[in-house]
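Remarks on the structure that follows.
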Amino acid sequence: MNISYKIKWIIQKISVILFLFLALSLVFLGKNVDFYNYQSALNFVKIKSNALIIFLLISTIIIHFNIGVSSIIDDYFHDGIKKIILILKNFLLVVLITITILSLYLIIR
């Protein structure tokens, strides 16, 4: 399924707004946390609402990255190499989101 450029543009703008909102939320929630102390940082992430915000933040970053890099690949690469690069990009994003989910799950369980 091919999504039109207009919809991709809208999704990219929404993801930036969500990214800023979630990042500011984490800054506000973590303003009293000593992140130089491992146990303090771990306790911050163990709070399920904070873990959810972190997951949503990383997800919006990955969505924004995916659309942006895909448009660059579409513009500057052609045919065979384009398919290989898109497959590698998608594989990287799947690995990143999998690592994020597993890491947060192992921390909050």
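Remarks
- Long pairs among LYS13/LYS82; LYS6/LYS31; LYS48/LYS82; LYS13/LYS46; LYS8/LYS48, criterion Cα-Cα beyond 28 Å: LYS6/LYS31; LYS48/LYS82; LYS13/LYS46; LYS8/LYS48
- With all projection directions averaged, the alpha carbon convex hull of region 11-72 covers 4.7 nm².
- Within the chain, helix-based [θ] at 222 nm, where runs of 4 or more DSSP H residues each add -39,500 (n - 2.57), nearest 500: -30000 deg cm²/dmol
- Shown here: the chain, whose C-alpha atoms stretch 50, 25, 24 Å along the first, second and third principal axes, sorted largest to smallest.
- Based on C-alpha pairs under 8 angstrom that are at least 6 apart in sequence, the chain has a relative contact order of 34 percent.
- Sparsely packed trypsin sites (Lys or Arg not before Pro) within region 1-81, loop by DSSP, other Cβ within 10 Å at most 15: LYS31
- In degrees, nearest ten, helix 48-76 long axis to first principal axis of the chain (Cα): 20 degrees
- Note, ³J(HN,Hα) from phi for region 80-86, Karplus 6.51, -1.76, 1.60, rounded to Hz, x at Gly and Pro: x, 5, 4, 5, 5, 5, 5
Just so you know, all these numbers are worked out from the coordinates, no wet-lab data involved. Bear in mind that the values here come from a model prediction, so they are computed numbers and not experimental data. Cβ coordinates were reconstructed from backbone atoms using ideal geometry, including for glycine residues, and neighbour counts include every protein chain displayed.
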